[in-house]
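Worksheet for the structure shown next.
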Amino acid sequence: MSQISLPFDWHGATGHGASGTGDFLVSDANRLAVAHLERWRDWPLSVGVLIGPPLSGRSTLARHFARRSGGDIIDDAQGVDDHRLFHAWNEAQTTRRPLLMVGTMPPVCWAVTLPDLASRLAAVPHVAIGQPDEALAHALICRAFDRAGASYAPDVPDWLLRRVERRYDALAQVTGLLDRAALSSGRKISVAMAKEALQAAGFLPIVPPAPSTDQRE
């Protein structure tokens, strides 16, 4: 895994291991999306669509794209008025200035009522950011703790990976919870502390201790 930081380092977005604390982490979960935005000059219609789940970094990636290409972005495009989208589409074709529409769902799921806009959106290539793979999830956990200044044991990220749903929002919620627990208690985030905090918050089932095997009376 690699990173993209300012300025947008398109061609640095390769590799397989975790690295650094850049602004946008690149892994197999988002590599195709990065590559598609890198090739904006080859887009046949000067318009692209980027979709991704909440907290996936889609807006950050879109802003980097705009800085690099000089293009425009429409964030949360699935909730934007049809006429605004239609006008932006036409302007992109006229000026050849690239336009990136960003959302959480593919265009076929948008509540579009203008037939002309619907047909245009159907012709637009779109790319998706997937939920984090293991390498990206591990890096996101570490980066969240590092940015918060939280002290944590080296085995905590791997322990969390085996117990927390691999979604951007779930990882953000859990790391935020553990950071707050560490601040309030003054404790380092250890596996024992994480288990205690997550059980108290209902993230993990409370497992009763195993029965004693001591046979002495």
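Considering only segment 77-86, I want to know if a residue exists there that is surrounded by fewer than 19 Cβ atoms within 10 Å (Cβ to Cβ), touching a residue at least 40 places away in the same chain (Cβ under 8 Å) and in contact with a strand residue (DSSP E or B) (Cβ under 7 Å, 6 or more places away or on another chain).
Checking segment 77-86: not a single residue is surrounded by fewer than 19 Cβ atoms within 10 Å (Cβ to Cβ), touching a residue at least 40 places away in the same chain (Cβ under 8 Å) and in contact with a strand residue (DSSP E or B) (Cβ under 7 Å, 6 or more places away or on another chain).
Name every residue in segment 104-126 that is in contact with a Gly (Cβ under 8 Å, 6 or more places away or on another chain) and either of a type in the set (S, T, N, Q) or part of a strand (DSSP E or B) (or both), in order of residue number.
Thr104, His126 - these are the residues of segment 104-126 that are in contact with a Gly (Cβ under 8 Å, 6 or more places away or on another chain) and either of a type in the set (S, T, N, Q) or part of a strand (DSSP E or B) (or both).
Given the conditions (1) touching a residue at least 40 places away in the same chain (Cβ under 8 Å); (2) in contact with a His (Cβ under 9 Å, 6 or more places away or on another chain); (3) closer than 30 Å to Phe86 by Cβ, report the number of the one that Ala135 does not fulfil.
(3)
If you scan segment 43-75, which residues turn out to be closer than 22 Å to His87 by Cα, in a loop (DSSP other than H, G, I, E, B) and among the aliphatic types (A, V, I, L, M)? Give the derivation first.
So in segment 43-75, the residues closer than 22 Å to His87 by Cα come out as 43-51, 59, 62-63, 65-67, 69-75.
When the remaining residues are screened for being in a loop (DSSP other than H, G, I, E, B), the result is 43-46, 70-71, 75.
Of everything in segment 43-75, just one residue is closer than 22 Å to His87 by Cα, in a loop (DSSP other than H, G, I, E, B) and among the aliphatic types (A, V, I, L, M), namely Leu45.
Values in this text are rule-based calculations from the coordinates and carry no lab data. Nothing here was measured: the structure is a model prediction, and the numbers come from that model. In this analysis, Cβ positions are derived from the backbone assuming ideal geometry, glycine residues included, and neighbour counts consider all displayed protein chains.
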